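The values are calculated or read from the model by the stated rules, or taken from the named source; none is laboratory data. The shown structure was predicted, so the numbers you read here are calculated from the model rather than taken from an experiment. Backbone-built Cβ (ideal geometry, glycine too); neighbour counts: all protein chains shown.
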Amino acid sequence: MTTIVGIRTKEGVVLGSDRRASKGFFIGSKITQKITKIDDTLAVAIAGQLSDADYMVKLVKAERNLIELRRGFSVTVKESARLIANQAYTGLKNYQPYFIELLVGGVDQEGGHIFVADMSGAITDEEFASSGSGSPIAYGVLESIFHKDMTNEQAKEIATKAVAAAMERDPGSGNGIDVLTIPNLSLVVKERRR
Amino acid sequence: MADIGSSGVGNSRYPYYYGPEGRLLLVDSALEAVGRGSTTVGIKTSTFALISSHIKPTKPLVEPSEKIFAIDRHVGATGSGYIGDILQLIDEMRIAAQKYRFTYDSPIDIKSLARQLSSYLHDFTIYAVRPQAASIIITGLDPAGVQLYQVDPSGTYFSGSGFAIGQYSDTAIDTIQKEFTEDLTIAQAVQLSDRAIEKALGEKPLVERGLVTAKDATFKKMAVDS
């Protein structure tokens with residue numbers, strides 16, 4: 001019960017989500033934040049059990065800090081997605097799975113990345129992705145209007161449209177849209193120099 | 001003096017237990033090892049804290065080990081003694097800092113960190129194992145203000161405004177005690193710590209420094225000047 005989308009652009013990544021948290025056929029919350037920043041360069045969009053996702057996010061935060069302190073340079077998006085996948089896989093094999101599907105979006109020296117990490121421990125590297133009960137509808141929108149070489153501003157619009165469409169027809173999604181943009185490191189540095 | 005393998009007085013057969021004078025031989029030995037480590041000092045006022053450690057010269061092609069460590073965004077530390085032991089303790093602190101964030105969703109306070117390190121070190125004094133031959137100086141900023149702590153191999157920890165550990169630390173702490181004032185500027189503290197280490201060693205030393213200020217909650221290593 002959720003719609004989340006992630007889009008990779010030439011300028012970075014964009015994540016989008018609805019705000020509904022369902023408790024069966026009841027709307028548990030209308031103001032749920034499903035996009036969580038891990039730091040200024042990485043964020044995840046959450047589908048599934050919020051508690052499991054929260055725990056996973058805290059774990060990645062701690063591990064990323066620790067790795068960066070130890071080795072002296074930051075952790076890539078791919079490494080962070082792998083960290084999540086390893087934890088999910090361990091959980092699955094121990095019969096205590098994390099009931100989550102995360103869109104891991106972030107930027108590093110290579111540019112923007114969107115990874116999908118699910119409860120099986122699988123990760124896939126995507127140009128755009130969606131998850132949650134509204135994802136078939138969101139994918140319909142994304143497949144028809146996604147194109148390469150988008151700006152973040154254009155991707156933001158497409159992400160909003162995809163989530164909005166899903167909210168129209170999926171009863172598990174609704175109550176408003178959140179969008180987060182993470183610009184490439186090169187863009188951030190340029191802006192700071194000015 | 002107690003001494004391992006001698007005639008059998010006291011607990012010389014059990015060097016990890018109390019000696020005849022009620023001292024722990026292994027802990028004393030660890031402190032002895034720290035006393036041979038590189039001269040390392042810490043100075044704190046209410047507005048900032050500075051830690052500074054002497055870098056011993058190495059072979060021309062070998063890079064000297066890092067001596068000032070970031071523990072978390074708001075915490076830094078340095079140490080004196082066996083570098084392998086120091087590195088191990090630094091890692092323990094980094095893990096403790098992240099675990100605290102994980103559990104409480106907030107940055108660790110410096111006293112809790114010192115307390116945890118103390119507890120870790122204390123464990124090595126009650127079993128038949130080798131205590132860690134390293135003293136650590138921790139600095140950081142928390143809601144209670146700028147903090148400076150020293151933790152010893154015995155598990156003892158102190159909070160204070162000036163510390164010196166390692167070789168000639170007596171001379172170094174003397175220098176700091178004589179010239180310390182609460183209204184020291186950062187530049188003056190840098191000079192004072194340099195002088196303290198220089199006086200102890202009798203030569204112009206290469207030092208590494210770290211700084212935390214009350215204004216900026218991030219611990220930063222300072223650029224190494226020769």
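Looking at (1) buried (at least 17 other Cβ atoms within 10 Å of the Cβ); (2) within 14 Å of chain B (Cβ to nearest Cβ), can you tell me which one A:Asp39 breaks?
(1)
Yes/no matrix, rows are residues, columns are (1) in a loop (DSSP other than H, G, I, E, B); (2) under 19 Å from A:Ile46 (Cβ atoms); (3) touching a helix residue (DSSP H, G or I) at 6+ places or on another chain (Cβ under 6 Å); (4) at pLDDT below 95:
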| position | (1), (2), (3), (4) |
| --- | --- |
| A:Thr90 | no, no, no, no |
| A:Pro97 | yes, yes, yes, no |
| A:Leu103 | no, yes, no, no |
| A:Gly106 | no, yes, yes, no |
| A:His113 | no, yes, yes, no |
| A:Ala117 | no, yes, yes, no |
| A:Gly121 | yes, yes, yes, no |
| A:Thr124 | no, yes, no, no |
| A:Ala129 | no, yes, no, no |
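Enumerate the pairs (first residue in the range B:69-87 and over 18 Å from B:Phe219 (Cα atoms); second residue anywhere and among the β-branched types (Val, Ile, Thr)) with beta-carbon separation below 6 Å, excluding pairs fewer than 6 apart on the same chain, so at least 6 apart or on different chains.
Hits for this filter: B:Ser80/B:Val34; B:Ser80/B:Thr40; B:Ser80/B:Ile165; B:Gly81/B:Val34.
If I go through the range B:181-209 residue by residue, how many of them are within 11 Å of B:His54 (Cα to Cα), assigned to a helix (DSSP H, G or I) and in contact (Cβ under 8 Å) with a residue 24 or more places away in the chain?
Total meeting the criteria: 6.
Scanning the range B:210-226 for residues that are assigned to a loop (DSSP other than H, G, I, E, B) and modelled with pLDDT of 85 or more, which turns out surrounded by the most Cβ atoms within 10 Å (Cβ to Cβ)?
By that ranking, first place goes to B:Phe219.
Do we have B:Ile51 as within 20 Å of B:Ser161 (Cβ to Cβ) and aliphatic (A, V, I, L, M) here? Even if it seems obvious, please write down each step before you answer.
Details: within 20 Å of B:Ser161 (Cβ to Cβ): yes; aliphatic (A, V, I, L, M): yes.
Yes.
Those residues that are away from every other protein chain (no Cβ under 14 Å) and either surrounded by fewer than 17 Cβ atoms within 10 Å (Cβ to Cβ) or among the hydrophobic types (A, V, I, L, M, F, W, C) (or both), I need them from the range A:58-88; list them, please. Don't jump to the end; show me each part of the working.
The initial filter retains those residues of the range A:58-88 that are away from every other protein chain (no Cβ under 14 Å), namely A:76-82, A:84-86, A:88.
Scanning the range A:58-88 gives A:Val77, A:Lys78, A:Glu79, A:Ala81, A:Ile84, A:Ala85, A:Asn86, A:Ala88.
Please go through the range A:70-95 and pick out each residue that is more than 21 Å from A:Gly48 (Cα to Cα) and not β-branched (Val, Ile, Thr).
A:Arg70, A:Arg71, A:Gly72, A:Phe73, A:Ser74, A:Lys78, A:Glu79
Just give me the residues in the range B:185-209 being more than 17 Å from B:Thr45 (Cβ to Cβ) and among the aliphatic types (A, V, I, L, M), in sequence order. Steps first, answer last, please.
Step one: list which residues in the range B:185-209 are more than 17 Å from B:Thr45 (Cβ to Cβ), which gives B:197-208.
B:Ile197, B:Ala200, B:Leu201, B:Leu206, B:Val207, listed by residue number.
For A:Asp149, state whether it is modelled with pLDDT under 95 and not in a helix (DSSP H, G or I).
In short, yes.
Consider A:Ser135 against the criteria (1) away from chain B (no Cβ under 14 Å); (2) under 24 Å from B:Thr103 (Cα atoms): it satisfies all of them except one. Which criterion is unmet?
Single failed check for A:Ser135: (2).
If you go through the range B:64-77 one residue at a time, do you hit one that is more than 12 Å from chain A (Cβ to nearest Cβ) and under 12 Å from the mean Cα position of the chain (by Cα)?
Taking every residue of the range B:64-77 in turn, at least one turns out to be more than 12 Å from chain A (Cβ to nearest Cβ) and under 12 Å from the mean Cα position of the chain (by Cα).
Give just the number: which of (1) assigned to a helix (DSSP H, G or I); (2) within 14 Å of chain A (Cβ to nearest Cβ) does B:Asp85 not satisfy?
B:Asp85 satisfies all of (1) assigned to a helix (DSSP H, G or I); (2) within 14 Å of chain A (Cβ to nearest Cβ) except (2).
Of the residues that make up the range A:96-109, is at least one surrounded by fewer than 19 Cβ atoms within 10 Å (Cβ to Cβ), without any contact (Cβ under 8 Å) to a residue 12 or more places away in the chain, closer than 19 Å to A:Leu50 by Cα and more than 14 Å from the chain's Cα centre (by Cα)?
Within the range A:96-109 (the criterion being surrounded by fewer than 19 Cβ atoms within 10 Å (Cβ to Cβ), without any contact (Cβ under 8 Å) to a residue 12 or more places away in the chain, closer than 19 Å to A:Leu50 by Cα and more than 14 Å from the chain's Cα centre (by Cα)), the answer is yes, since at least one residue qualifies.
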